[in-house]
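Below: the structure, in structure tokens.
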Amino acid sequence: MTLREELSEYAERSSGLIEDSPQMDEENTKRKLIEPLIDLLGWDILSSAVELEYSVQMGSTTKRVDYALKMEGTPVVFVEAKGCDTPLEQSHEEQLKSYMRQVGVDWGLLSNGREFKIFRHHVSSNRVNLISLSEFDVEDVPDNEHPLKALSRESIDSGESRQIAEKIEAVQNAVKELRENKEDLAEDVTGVVSEVAGNAVSQQVEDEAKSFVDELIATLEEQAHRTEVTRGTSGEDEDTEDGEYVIRLTRNGGEVHRVVADVQSEAMGSLVNYLIGEEGLLDEIEIPYIPGTGQGSRALLNDKPEHPNGSDMRGQQRVSGGYYLLTNLSAEDKKRYVSELPAKVGLECEFSGSW
């Protein structure tokens, strides 16, 4: 079943529950409407990746976020829930945004089961802002597949979330410009057509031009949340299922090992386990292993879960020999840094699948 089909079922089921219980309180809203969506997006509500009532220190006061969705122990999405009996207000948005700012969380979802609002940390011109990525009602959940997909565990792990957001924001900016410049655009079109057909048609052309801009805006807004993000790969692999991350190791053109995993961090860990256990990686590198020039402050591989400067290795995975592998990296950094390790033992590295 595709994500859109799952979201359609979720929307239908949720709408029925709301119709049966329009004054549903917050506790029931969480259990019946919010948590099923969190699960649907790949976050196992019963796992350690989802923390309920996550503590946020705000000055001398401790506040609690309803749900913190975590990657490698670090919160990446905050979910704030209200009851169906509580209309979402500006104060609720500011509450969630303040939590996101305080902890440095990039993604936020605010919902009362009827309405959904998605927020994102956005950096522009060296300024960090929290912007609204999408707002919609429960009936429109399937049509907002991609804003919701940006909150999924898989998309955040792979870096696709950022691509989805950037595409949506580009369309939002285009719509904004079209709205603000509709009169000027219509005037320009009218002038061009009038030069060819004469002034007798100018008023009709102007009306048609404005209608065209309005229709274009409506089309862009409708398509923005349905547009697929195309992710490039470093090669074709007919045996690879969608959503799998493949790392192929070769020596002198011949394949010696292949890693296939559902998430990037698992692929990284499996690769390093193979290199340590079968290729003698630890004999060829110094621990801590610092990628790139070797002059940085962050270790990719260390014998304790911290970096050379003593700071915690936020987002790490235990690998063979009791070592710790840093996995809290962007998709591009994962590929760039991890590919250094096979090279240490005379292997070449190729990435395919969903990379």
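Taking the Cα centre of the chain as origin and charging only Cβ (+1 Lys, Arg; -1 Asp, Glu), how large is the dipole, in debye to the nearest 20? It would help to have the intermediate numbers written out before the result.
Values: 36 positive and 72 negative charges, 346 e Å.
Once rounded to the nearest 20, the dipole reads 1660 debye.
Calculate the FRET efficiency for Asp85 and Arg179 from the Cβ-Cβ distance with a Förster distance of 35 Å, rounded to the nearest 0.05.
Calculated transfer efficiency: 0.50.
How much of the accessible area of the chain, probe 1.4 Å, is carbon plus sulfur, in whole percent?
Values: 7640 of 18110 Å².
Its accessible area is 42 percent carbon and sulfur atoms.
Give me a comma-separated list of calculated 3J(HN,Hα) values for segment 52-62, in order, Karplus coefficients 6.51, -1.76, 1.60 applied at θ = phi - 60°, integers in Hz, x for any Gly or Pro.
My calculation for segment 52-62 gives 8, 6, 6, 7, 10, 7, 10, x, 8, 10, 9 Hz in order.
List the residues of segment 83-103 whose backbone N lies under 13 Å from a point placed 7 Å from the Cα of Gln23 along the Cα-to-Cβ direction.
Backbone N within reach: 84-86.
Within the chain, which is the longest segment containing none of the trypsin sites (Lys or Arg not before Pro) that sit in a DSSP loop and have at most 16 other Cβ atoms within 10 Å?
On the way: sites that count: Arg226, Arg231, Arg314.
By the stated rule (loop sites, at most 16 other Cβ atoms within 10 Å), 1-225.
Under the rule of at least 5 residues apart or a separate chain, name every residue whose amide H is placed under 5 Å from the amide H of Met71.
For Met71, whose amide H was placed from the backbone, the distant partners under 5 Å are Val76.
Could you tally the net charge around Ser98, taking each other residue with its Cβ under 13 Å from the Cβ of Ser98, Lys/Arg +1 and Asp/Glu -1?
Values: positive: Lys63, Arg64, Lys97, Arg101; negative: Glu80, Glu93, Glu94.
Taking every other residue near Ser98 into account, the sum is +1.
From the residues Ser158, Gly16, Ala299, which one has its Cα farthest along the dipole of the chain in the positive direction, the dipole being from +1 and -1 charges on Cβ of Lys/Arg and Asp/Glu about the Cα centre?
Farthest towards the positive end: Ala299.
Say the dipole of the chain comes from +1 at the beta carbon of Lys and Arg and -1 at that of Asp and Glu; which of Gln172, Ile34, Ile290 then lies farthest toward its positive end?
Ile290
What's the local net charge at Gly269, with K and R +1, D and E -1, over the other residues with C-beta under 13 Å away? If you can, show how the numbers build up before the last one.
Working: positive: Arg318, Lys334; negative: Glu72, Asp157, Asp262, Glu266.
Value of the local net charge: -2.
Taking a 1.4 Å probe, which of Cys349, Cys84 shows the most accessible area, and what order do the others take after it?
On the way: Cys349 35, Cys84 10 Å².
From most exposed to least exposed: Cys349, Cys84.
Taking 0.36 nm per residue of sequence separation and subtracting the Cα-Cα distance, how much length would be gained by fully extending the chain between Asp188 and Glu51, in nm to one decimal? Each step should come with its number before you reach the end.
Details: separation 137, 0.36 × 137 = 49.32 nm, distance 5.53 nm.
Here the segment from Asp188 to Glu51 would lengthen by 43.8 nm.
Which whole-Hz ³J(HN,Hα) couplings does segment 3-14 yield from phi under the Karplus relation 6.51 cos²θ - 1.76 cosθ + 1.60, θ = phi - 60°, glycine and proline marked x?
Karplus values, whole Hz, x for Gly and Pro: 4, 4, 5, 5, 5, 5, 5, 4, 4, 5, 5, 5.
Can you give the FRET efficiency to the nearest 0.05 for Arg314 and Glu208, using r as the Cβ-Cβ distance and R₀ = 51 Å? Let's see the in-between values first.
Working: r = 57 Å, r/R0 = 1.11.
E(calc), rounded to 0.05, equals 0.35.
Give the cross-link partners of Lys30 among the lysines, using a straight C-alpha distance below 24 Å as the criterion and excluding same-chain residues fewer than 8 apart.
Those lysines meeting the cut-off are Lys63, Lys70, Lys82, Lys97, Lys117, Lys149.
Counting only heavy atoms of protein chains, what accessible area per residue, in Å², does the chain have with a probe of 1.4 Å? Don't skip to the end; give the middle numbers.
Details: 18110 Å² over 355 residues.
On a per-residue basis, the chain sits at 51 Å².
Place +1 on the Cβ of every Lys and Arg and -1 on the Cβ of every Asp and Glu in segment 47-172, take the dipole about the Cα centre, and give the residue among Gly104, Ser47, Ser132 whose Cα lies farthest towards its positive end.
Farthest towards the positive end: Gly104.
Return the whole-Å distance between the Cα centroid of segment 244-264 and the Cα centroid of segment 85-106.
42 Å
From Cα pairs below 8 angstrom and at least 6 apart in sequence, can you work out the relative contact order of the chain, rounded to a whole percent? Intermediate values should be presented prior to the final figure.
Details: 566 pairs, mean separation 46.3, N = 355.
Once divided by the residue count of the chain, the mean separation gives 13 percent.
The values are calculated or read from the model by the stated rules, or taken from the named source; none is laboratory data. Here the structure is a predicted model, which means the values were calculated and not measured. Glycine also receives a Cβ, built like all others from the backbone with ideal geometry; neighbour counts cover every protein chain displayed. Keep in mind that these areas ignore ligands, DNA and RNA; they rest on the heavy atoms of the full protein, side chains included. Shrake-Rupley method; radii C 1.70, N 1.55, O 1.52, S 1.80 Å.
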